[in-house]
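First comes the structure, then the notes that go with it.
The values are calculated or read from the model by the stated rules, or taken from the named source; none is laboratory data. Worth saying up front: this structure is predicted, and the values here are computed from it rather than measured. For neighbour counting, all protein chains shown are included, and Cβ atoms are generated from backbone atoms with ideal geometry for every residue, glycine included. Side chains are part of the model used for accessible areas, which takes the heavy atoms of the whole protein and leaves out ligands, DNA and RNA. Shrake-Rupley method; radii C 1.70, N 1.55, O 1.52, S 1.80 Å.
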Amino acid sequence: MHLTSRRRGAELEDAILAAGWEVLTEHGYGGFTYEAVAARAGTSRPVLYRRWPQRHDLLQATLRRNWMAQPIAVPDTGHLREDAIGLLRNADAARSHMITTMSVMLLEYFRETGTSFSELRDVLRPPGLATPFERLVARAVERGELPAAPRSSRVINLPFDLFRHEMFMTLRPVPEETIVEIIDDVWLPLVDQRSS
């Protein structure tokens, strides 16, 4: 192993987190060790321990930098239905393969920590940041397309929950007809209370 001692600060952290992502995607959480990441990054284990005292700290930093750093594009067509369908299409194109792959790779992490995918997602999401569907609903209310009525977070974010469920159950990209059904048949009647 060749140790690179000249890198410091952000440059060293970038190298470590890039190496962590490579190790995680190649070997899963079982192979995601301080030793493997340090070797891949060309540094030492104590350097990693100083920044991330627990393995799950290093994992979360790796996921935040390499997975969550690429947000899903949120459409703004001026129409809630088209925005919602477009958002699920974008999620399917950007993340469908990665969500199922990462979930399988992280099963050992979830067992070890007693947490779930949704809890990990909440840890990785920047605090106070509205979800994409919360943004869509807020814009629709501002336009007068939806009434300004109270809606639970579960109802607002239901399309992503159904989308993820579909991916996990089929281990395939979500078909267009399923995306449209989630929005038209399930979600829009729930968020537009004038239709009830």
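Inspect the range 56-77 for any residue being surrounded by fewer than 16 Cβ atoms within 10 Å (Cβ to Cβ), in contact (Cβ under 8 Å) with a residue 60 or more places away in the chain and among the small types (Gly, Ala, Ser) and give the result as yes or no.
no
Within the range 44-69, can you find the residues that are in contact with a Phe, Trp or Tyr (Cβ under 7 Å, 6 or more places away or on another chain) and among the β-branched types (Val, Ile, Thr)?
THR62
Does GLU35 count as within 30 Å of ARG172 (Cβ to Cβ), modelled with pLDDT of 85 or more, in a helix (DSSP H, G or I) and open to solvent by 40 Å² or more (accessible area, probe 1.4 Å)?
Criteria not met by GLU35.
If I go through the range 23-81 residue by residue, how many of them are closer than 30 Å to LEU190 by Cα and among the basic types (Lys, Arg)?
1
What's the number of the condition ILE16 fails, among (1) at pLDDT 90 or above; (2) open to solvent by 30 Å² or more (accessible area, probe 1.4 Å); (3) not small (Gly, Ala, Ser)?
Unmet condition: (2).
Going by the conditions given, is LEU87 surrounded by 15 or more Cβ atoms within 10 Å (Cβ to Cβ), farther than 29 Å from LEU146 by Cα and of a type outside the set (Ser, Thr, Tyr)?
Working: surrounded by 15 or more Cβ atoms within 10 Å (Cβ to Cβ): yes; farther than 29 Å from LEU146 by Cα: no; of a type outside the set (Ser, Thr, Tyr): yes.
Against the criterion (surrounded by 15 or more Cβ atoms within 10 Å (Cβ to Cβ), farther than 29 Å from LEU146 by Cα and of a type outside the set (Ser, Thr, Tyr)), LEU87 does not qualify.
What pairs come up if the first residue lies in the range 105-123 and is under 14 Å from LEU59 (Cα atoms) and modelled with pLDDT of 85 or more, the second is loosely packed, with under 15 Cβ neighbours inside 10 Å and not acidic (Asp, Glu), and their beta carbons are under 7 Å apart, counting only those six or more places apart or on different chains?
Matching pairs, first to second residue: GLU108/GLY30; PHE110/SER116.
Which condition does ILE99 not pass, out of (1) closer than 30 Å to ASP185 by Cβ; (2) at pLDDT 90 or above; (3) of a type in the set (A, V, I, L, M), if it passes all the others?
(2)
So ARG125 fits all but one of (1) on the phi > 0 side of the Ramachandran plot; (2) under 15 Å from the mean Cα position of the chain (by Cα); what number is the exception?
(1)
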